[in-house]
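First the structure, in the form of structure tokens, and then the observations on it.
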Amino acid sequence: MNTILLLEDEAALRRGIRFKLEKEGYRVIACDAIAEAKTHFQEQTIHLILCDITLSDGNGLDFCRYIREEAHSDVQFLFLTAMDTEIDIVMGYESGADDYITKPFSLAVLMSKIHALFRRIEKRSLPHAVPENPVIKSGGLLYYPNEMQLQIDQEPVELTKNEYKLLHLFLNHPKQILSKTQILEQMFDMDGNFVDDNTVAVNIRRLRTKIKDTGEKRIIKNIRGMGYVWDCEVE
């Protein structure tokens, strides 16, 4: 049985989400403070974290960074928050979150996201073939898919999980226009209807910043009304 750690300080919402999750067959550990959540995470096996951002004893963004940087865990992490501006969403992804849902939301939409995250876990656990090519080259970029490492002009570049997935998708489909729906399906394994409209744009912008894709001659080009294309040869 998959275990979900729910960190939400609004009691009524916490009870509602817990009831729905347990009805769906998940084991739920619910708490309202970061300190308690850390204790549960350290003592038990957690498969998914649902976390508010504004909490009584700290910030959910800091808790996410703790999970990624101090606990060194790649557990699926989903923010539940009323903070819905573009910069809030960017900060959520930058802290290491896998997904982000803004309040108010329906439990049906939340369950769709949760089911998608668990499908991703199942896919990740399945045996897969090792790519034949140990390095992918494109312009001054060297991508090592086996090691999930990136170098640009011989300098290492740190990417988040979502940024690596987006880069991998582009490098495997160079010169091909990828629609927003195609990108969402590959990155999040879910119907784009349940993802914030600017999710793709936010991730594209972050990846462009990391790979220094600026100016008029961009590698990642936005084809208005159609999608995005990696406009550089890949070998």
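The values are calculated or read from the model by the stated rules, or taken from the named source; none is laboratory data. Computed from a predicted model, the values in this text were never measured in an experiment. Counting neighbours? That spans all protein chains shown, and the Cβs are built from the backbone with ideal geometry, glycine included.
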Go through the stretch 199-221 and report how many residues are over 12 Å from Ile183 (Cβ atoms) and either in a strand (DSSP E or B) or of a type in the set (A, V, I, L, M) (or both).
3
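In this structure, does Glu22 turn out to be exposed (fewer than 15 other Cβ atoms within 10 Å of the Cβ), more than 22 Å from Tyr164 (Cβ to Cβ) and charged (D, E, K, R)? Before you say what the answer is, go through the steps one by one.
Values: exposed (fewer than 15 other Cβ atoms within 10 Å of the Cβ): yes; more than 22 Å from Tyr164 (Cβ to Cβ): yes; charged (D, E, K, R): yes.
Yes; evaluated as a whole, the condition is true for this residue.
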Within the stretch 141-150, can one find any residue that is at pLDDT below 85, of a type in the set (A, V, I, L, M) and within 27 Å of Leu78 (Cβ to Cβ)?
yes
Residue satisfying all of: in the stretch 216-235; in contact with a Leu (Cβ under 7 Å, 6 or more places away or on another chain) and not β-branched (Val, Ile, Thr); farthest from His173 (Cα to Cα) among these:
Gly227
Qualifying positions in the stretch 125-140 - part of a loop (DSSP other than H, G, I, E, B), among the β-branched types (Val, Ile, Thr) and at pLDDT 80 or above:
Val135
Return yes or no: is Ile183 more than 21 Å from Glu94 (Cβ to Cβ), touching a Gly at 6+ places or on another chain (Cβ under 9 Å), modelled with pLDDT of 80 or more and crowded, with 17+ Cβ neighbours inside 10 Å?
no
Residue count, the stretch 57-89 (criterion: at pLDDT 90 or above and among the hydroxyl-bearing types (Ser, Thr, Tyr)):
1
Under 8 Å by Cβ, and 6 or more places apart or on different chains, what pairs join a residue from the stretch 219-235 that is within 14 Å of Val200 (Cα to Cα) and surrounded by 12 or more Cβ atoms within 10 Å (Cβ to Cβ) with one that is aromatic (Phe, Trp, Tyr) and modelled with pLDDT of 85 or more?
Ile220/Phe170; Ile220/Tyr228; Ile220/Trp230; Lys221/Tyr228; Asn222/Tyr228; Tyr228/Phe170
Name the residues in the stretch 144-191 that are assigned to a loop (DSSP other than H, G, I, E, B), farther than 26 Å from His115 by Cβ and either outside the structural domain of Lys221 (by TED's automatic domain parsing) or polar (S, T, N, Q) (or both), would you?
Asn146, Gln154, Gln176
Scan of the stretch 67-103 for residues that are more than 16 Å from the chain's Cα centre (by Cα) and buried (at least 16 other Cβ atoms within 10 Å of the Cβ), ordered by number
Met83
